[in-house]
Amino acid sequence: MSTPDIFNQFFDVHSHIHDHPEHLEVFNMKTKWNCPMGTRPSDWELVHEAAMKNPNRVIPGFGVHPWYAHEVAENDQWKDTLKEYLEKHEKAVLGEIGLDKIATNPVSKERYDLPTQLEIFKYQFSLAASLNRVVSVHCVQAHGYLLEYLRQLKPDQFPPKIMLHSYSGSHEIIKAVLKLPKKVGSRFYFSFSKLVNLRTKKLTDNILMIPKNRILIESDANTLEMVDQVMEDICIALGEIWGCENTEVAEITFKNSLEFFGLEE
Ligand SMILES: [Zn+2]
């Protein structure tokens, strides 16, 4: 099925390809668009460079991931740096941000502190709303906390579009999010990856619950070499679930991505 056309309509909405910056020198993947997500101040410059070198193929993301929330919590300097990077890139995403109830610190072996994650997450979510930037949200076993927070916000406190990346929650959460009042629910998109979602049984049920125009695909890869293969795999999985050709999956998700990022093509 690997026609070159299909890769031309692959929009990888969430990756970490800058984790191996040496591969970025030769930007030789077939997947058309890529969105490397910064996870902490020390990787934002790499994301910025990838976007500068490939302006028609990269949408950068700048944010503090829940695994690094504790690293920035002591000193507010990162907030100014974050705003500076966002200002440099008109279309940049605020991401990756989020909540993670199960990940553990590889050094201390302790779970990352949830109140700190919540504080850093809420700050970034409201910054995205005030700067009118889209967000990419990582949420692992913390969807209850996320929903509780979302339910107390007014419509103008939401970013223009919100992506729940490698979505791993239940269908109750999908229903609740899509039903958020005053059309806020229509701002939510759900993205799926081979690396996270093909391991879970609930993928089919979740996909079928979400309107087709709100589904995105991503690699979540941390090396550029992996991107094409895992994008193709998640595309095939979606085609099986939707009962359609892979080219149609590529077309639909590409169009959804352009809408999500406010791009025209
Ligand atoms: Zn990620």
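The values are calculated or read from the model by the stated rules, or taken from the named source; none is laboratory data. In this text the structure is predicted, and so the values were computed from the model without any measurement. Counting neighbours? That spans all protein chains shown, and the Cβs are built from the backbone with ideal geometry, glycine included.
Name the single residue, out of those in the stretch 183-201 being over 13 Å from the mean Cα position of the chain (by Cα) and among the hydrophobic types (A, V, I, L, M, F, W, C), that is surrounded by the most Cβ atoms within 10 Å (Cβ to Cβ).
VAL184
Can you find even one residue in the stretch 232-241 that is out of contact with any strand residue (DSSP E or B) (no Cβ under 9 Å at 6 or more places or on another chain), more than 24 Å from GLY38 (Cα to Cα), at pLDDT below 95 and within 16 Å of the ligand (Cβ to nearest atom)?
no
Is the stretch 60-74 home to any residue that is under 20 Å from GLU225 (Cα atoms), in contact with a strand residue (DSSP E or B) (Cβ under 7 Å, 6 or more places away or on another chain) and surrounded by 15 or more Cβ atoms within 10 Å (Cβ to Cβ)?
Among the residues of the stretch 60-74, at least one is under 20 Å from GLU225 (Cα atoms), in contact with a strand residue (DSSP E or B) (Cβ under 7 Å, 6 or more places away or on another chain) and surrounded by 15 or more Cβ atoms within 10 Å (Cβ to Cβ), which makes the answer yes.
Quick check on VAL47: is it part of a loop (DSSP other than H, G, I, E, B) and either in contact with a Gly (Cβ under 8 Å, 6 or more places away or on another chain) or away from the ligand (no atom under 16 Å from the Cβ) (or both)?
no
Tally time: how many residues in the stretch 156-182 are assigned to a helix (DSSP H, G or I), under 19 Å from the mean Cα position of the chain (by Cα) and either of a type in the set (Gly, Ala, Ser) or within 16 Å of the ligand (Cβ to nearest atom) (or both)?
So the count comes out to 0.
Looking at the structure I just gave you, is MET29 more than 16 Å from the ligand (Cβ to nearest atom), part of a loop (DSSP other than H, G, I, E, B) and either surrounded by 20 or more Cβ atoms within 10 Å (Cβ to Cβ) or modelled with pLDDT of 95 or more (or both)?
The answer is yes for MET29.
Do you know which residues across the stretch 97-146 are part of a helix (DSSP H, G or I), within 16 Å of the ligand (Cβ to nearest atom) and more than 16 Å from the chain's Cα centre (by Cα)?
GLN117, ILE120, listed by residue number.
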